[in-house]
1. Given the options T213, T240, name the one that is outside the structural domain of A182 (by TED's automatic domain parsing), surrounded by 15 or more Cβ atoms within 10 Å (Cβ to Cβ) and outside any loop (DSSP other than H, G, I, E, B).
2. What single numbered condition from (1) in contact (Cβ under 8 Å) with a residue 40 or more places away in the chain; (2) of a type outside the set (S, T, N, Q); (3) in a strand (DSSP E or B) fails to hold for V235?
3. Among the residues of region 40-50, is any in contact with a Phe, Trp or Tyr (Cβ under 6 Å, 6 or more places away or on another chain) and buried (at least 21 other Cβ atoms within 10 Å of the Cβ)?
4. Quick check on my filter: what residues within region 254-306 are in contact (Cβ under 8 Å) with a residue 60 or more places away in the chain, in contact with a helix residue (DSSP H, G or I) (Cβ under 6 Å, 6 or more places away or on another chain) and either surrounded by fewer than 19 Cβ atoms within 10 Å (Cβ to Cβ) or under 23 Å from A236 (Cα atoms) (or both)?
5. Can you pull out the residues in region 136-149 that are free of Cβ contacts under 8 Å to residues at least 60 places away in the same chain and surrounded by fewer than 24 Cβ atoms within 10 Å (Cβ to Cβ)?
6. What's the number of the condition A92 fails, among (1) hydrophobic (A, V, I, L, M, F, W, C); (2) surrounded by fewer than 16 Cβ atoms within 10 Å (Cβ to Cβ); (3) not in a loop (DSSP other than H, G, I, E, B)?
7. Would you say P69 is surrounded by fewer than 21 Cβ atoms within 10 Å (Cβ to Cβ) and either touching a residue at least 24 places away in the same chain (Cβ under 8 Å) or more than 24 Å from V100 (Cα to Cα) (or both)?
Amino acid sequence: MTTLVFGHKSPDTDSTGSPIIWAWYLNQIKGTEAEAVLLGEPNTEAAFVLERWKLDKPRIIDTVAADTPVVIVDTNNPGELPENINAADIQAIIDHHKLVGGLETKGPIDIRIEPLACTATIMHKMIGNGLSQAPEGIKGAMLSCILSDTLEFRSPTTTQEDRAIAEALAKDLNIDIPSYAAEMFAAKSDVSAFSDAELLRMDSKTYEVGGKTFRVSVLETTTPATVLARKDSLVATMPTVAEEDGADQVLLFVVDILNEESTMLVPNELTRTVAEKSFATVVGDADHVVLPGVVSRKKQIIPNLAV
């Protein structure tokens with residue numbers, strides 16, 4: 001039976017590229033029949049990466065049949081996976097996020113979780129000498145994942161391993177990192193084709209804090225003014241998205257990649273309380289607040305959330 005490899009819902013570059021990388025490794029190096037799949041449409045940056053490196057977009061699934069062998073990458077959170085994930089035969093987990101709990105396996109499995117900025121960095125280490133057989137597209141996907149998750153090394157999640165591996169891949173591929181990263185971020189910043197609801201769900205994860213359930217949405221962009229120009233309509237759409245997704249509130253952070261800061265929308269008293277308690281700031285009567293230096297959901301937003 002074919003092993004399915006997938007990341008989280010609302011796939012970004014890492015959750016699009018890492019399944020492709022690992023499925024290649026299983027097929028070509030380990031001799032295990034595997035297929036990369038997605039749990040949703042890739043975002044604009046991930047779509048750019050697929051086209052740039054001539055990689056086929058994996059098919060999209062929303063469920064897995066019972067006993068299907070699967071490898072989960074870039075998450076270990078059941079809330080970001082198909083509802084029936086525990087009916088599948090989970091073979092392995094490769095991730096760089098904190099443990100959430102809730103996954104069940106049918107036996108002992110391989111788990112590799114490291115405090116690195118990117119799943120692809122971990123895969124680079126795991127594949128080792130096998131990378132000498134990797135085609136350009138696989139190496140390009142790996143480089144793209146690292147540059148995306150580190151925001152070209154601007155994110156505080158970046159480690160020396162992430163940087164060293166990315167620089168080695170770039171040298172091998174004859175890629176100028178600043179130029180290529182600028183192309184990636186420009187693609188990520190083009191959100192004109194998306195509705196407000198799609199934007200709020202594009203890169204979002206659900207977390208519970210103090211008895212409240214939040215859909216924490218992050219939009220990373222080099223042109224934050226483009227997103228913030230839609231502030232009123234985004235705020236008007238937040239309650240609908242929250243209700244449909246079973247959350248108490250959507251928290252939206254517009255990350256300015258180049259200036260290394262976030263703008264958090266503050267449409268009501270709950271979000272104002274969250275902003276002030278979480279980030280030691282004073283919002284007052286404003287409908288947004290700028291958070292200097294805050295660019296990482298994993299390291300700077302989620303750990304600090306308070307109500």
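1. It is T213.
2. Every condition holds for V235 apart from (3).
3. No, region 40-50 has no match at all.
4. L305, A306
5. Hit for region 136-149 is K139, nothing else.
6. The single condition A92 does not satisfy is (2).
7. On the way: surrounded by fewer than 21 Cβ atoms within 10 Å (Cβ to Cβ): yes; either touching a residue at least 24 places away in the same chain (Cβ under 8 Å) or more than 24 Å from V100 (Cα to Cα) (or both): yes.
Judged against the criteria, P69 is a match.
The values are calculated or read from the model by the stated rules, or taken from the named source; none is laboratory data. Treat the numbers as computed from the prediction; the structure is a model and nothing was measured. Heads up, the Cβs are rebuilt from the backbone with ideal geometry, glycines too, and the neighbour counts pull from every protein chain shown.
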